[in-house]
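So the structure is just underneath, and the comments pick up after that.
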Amino acid sequence: MSDSVRQLDPRRWKALAFIAIAQLMVVLDATIVNIALPSAQADLGISDGNRQWVITAYALAFGGLLLFGGRIADLWGRQRTFVTGLVGFAAASALGGAAMNTEILLGARALQGLFGALLAPAALSLLAVMFTDGKERAKAFGIYGAIAGGGGAIGLILGGVLTEYLDWRWTFYVNIPFAVIAAVGALLVIKEPAEARNRSSLDIPGVVLSTLGLVALVYGFTRAESHGWGDGGTIAMFVSTVVLLAAFVAVEARVKAPLLPLRVITDRNRGGVYLSLGLAIIAMFGLFLFLTYYLQIVKGYSPVKTGLAFLPMIAGMITGSTQIGARLMTRVQPRLLMGPGFVSAALGMLILTQMEVDSSYATLILPAQLLLGLGMGTAFMPAMSLATQGVRPADAGVASAMVNTSQQVGGAIGTALLNTIAASATTSYAAAHAAGATTEPARRLLTLQSMVHGYSSAIWWAVGILLTSAVIAVTLVTTRGGQGGSAAATDGSDDAALGDDSADEVEAQRIPVMVH
């Protein structure tokens, strides 16, 4: 048994509390601004054309710089990167809350994305190097998984409350106390293992190519939503993405100290986790969007009531992650949690395909949300743990960044793809039934029916995407690491990529994940 297992950090659970606060801040910020956007647009006079950039500026900076942020955490130290990200995120939030024009608000959102790209991978990799005992790791990642899954819905609740009772600016200001508490706590209780640092030089070509490639990918899907899939600019973005990311892979295979060691993503289990998680996020982001519109526009809910309506999903995610996933992670194979979890979430989605204009919240929306929450919570917990299992401590930051990258790219794809499907189905339904709507009440009803039909059509796609996630998880995630043993026993791919390292050196560098 290695020294890192014997000498567990006595302050690790206190550290988890502050890491969880920071992660919650980053995740909820992805949705909290959505609720406040109409008020901010009216207050600052933001044009309809520029409105999407309040969301896109954050997504581009965050998604494009995640790999860079993950490697900075490995090189510079995760605690230092974590605190820097918190301080920067708080400053950017203060700037956004005080914004007096469109340009300042967009700049603040981009800065939030930049510092979030430092903060998010540092947070996850700190967990990876601090929690090395199997049962404790399962509990820690259960909490983290619940936050990662439910934070977006919490953002909808908090955004509704702040916008309705205070002011849209408080959706920015609320980040400041989160950041201050987490930063002070991190300085006091977080101490990462000394051997977890990566002393190699920074791969500048890799940074440039990955950042440009991921920005092109995220912007391509964002542009597709507003300009269409056949637009010349959209196609150019996707072509650029392929060229840039192909060049990135070629560079990473050749440089001595790559930004993203290919062994991190070519491992069967981690690759399966990244892919299944990214697909699941596509479905979830589409759901948040459509369910928010349905409750507010079709059912007439206020922002606060809409946010509260998501509470059963949050409760389900917390239960699935901490009471099902965390308790079973050390007893069954991870794929036996991820596969059924994604299937349960797909069943919840399937219920939502039956939405009508007059559907009952209690008999349709509520059970669907509970199934979704339980399923996603159960699947997210082992996925978060496996994403960094078996990697060298020096690569934990960039492995963690890949988790966030799959989520961010999945969110961009989900919003664009499912919204496009919904819009097309809405238009087709309205055109097919327009002849029967001869009075004003009939036309209003047709508008609502068309919208709900569009949502249902897109949610059918989300069902298929979640089932695909389940198949990928069951097929590719074959590790038995949840049942005991060290990471070395579950991941042989890294060894083959380590060149001349001796077996003892390899074992000393690993993150011990499970112990007997």
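The values are calculated or read from the model by the stated rules, or taken from the named source; none is laboratory data. Keep in mind it's a predicted model, so treat the numbers as computed, not measured. Heads up, the Cβs are rebuilt from the backbone with ideal geometry, glycines too, and the neighbour counts pull from every protein chain shown.
General observations
- For the range 454-469, the criterion of being surrounded by fewer than 16 Cβ atoms within 10 Å (Cβ to Cβ) and within 20 Å of the chain's Cα centre (by Cα) is met by at least one residue.
- Candidates Gly228, Gly220, Gly271, filtered to the one that is surrounded by fewer than 21 Cβ atoms within 10 Å (Cβ to Cβ) and over 30 Å from Gly339 (Cβ atoms): Gly228
- Selected residue (only one of Val463, Val452, Val471 is in contact with a Phe, Trp or Tyr (Cβ under 8 Å, 6 or more places away or on another chain) and at pLDDT 90 or above): Val452
- Verdict on Thr56 being closer than 20 Å to Asp29 by Cα, of a type in the set (S, T, N, Q) and free of Cβ contacts under 8 Å to residues at least 40 places away in the same chain: no
- Gly185 being assigned by TED's automatic domain parsing to the domain that holds Trp53 and either surrounded by fewer than 17 Cβ atoms within 10 Å (Cβ to Cβ) or at pLDDT 75 or above (or both): yes
- Screening the candidates Gly375, Gly348, Gly390, Gly341 for the property of being over 19 Å from the mean Cα position of the chain (by Cα) and at pLDDT 85 or above yields one hit, Gly348.
Here's the yes/no breakdown for (1) among the basic types (Lys, Arg); (2) in contact (Cβ under 8 Å) with a residue 60 or more places away in the chain; (3) more than 27 Å from Leu446 (Cβ to Cβ):
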{"position": "Ala345", "(1), (2), (3)": "no, yes, yes"}
{"position": "Leu350", "(1), (2), (3)": "no, yes, no"}
{"position": "Thr353", "(1), (2), (3)": "no, yes, no"}
{"position": "Leu364", "(1), (2), (3)": "no, no, no"}
{"position": "Gly373", "(1), (2), (3)": "no, yes, yes"}
{"position": "Thr388", "(1), (2), (3)": "no, yes, yes"}
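- Failed criterion for Met329 (all others in (1) under 21 Å from Ile154 (Cα atoms); (2) surrounded by 24 or more Cβ atoms within 10 Å (Cβ to Cβ); (3) modelled with pLDDT under 90; (4) not hydroxyl-bearing (Ser, Thr, Tyr) hold): (1)
- Of the helices (runs of 4 or more DSSP H) lying entirely inside the range 88-182, those containing at least 1 residues that are modelled with pLDDT of 80 or more, under 18 Å from the mean Cα position of the chain (by Cα) and assigned by TED's automatic domain parsing to the domain that holds Tyr301 are 102-130.
- Residue in the range 278-321 that is nearest to the chain's Cα centre (by Cα), counting only those that are surrounded by fewer than 20 Cβ atoms within 10 Å (Cβ to Cβ) and of a type in the set (S, T, N, Q): Thr319
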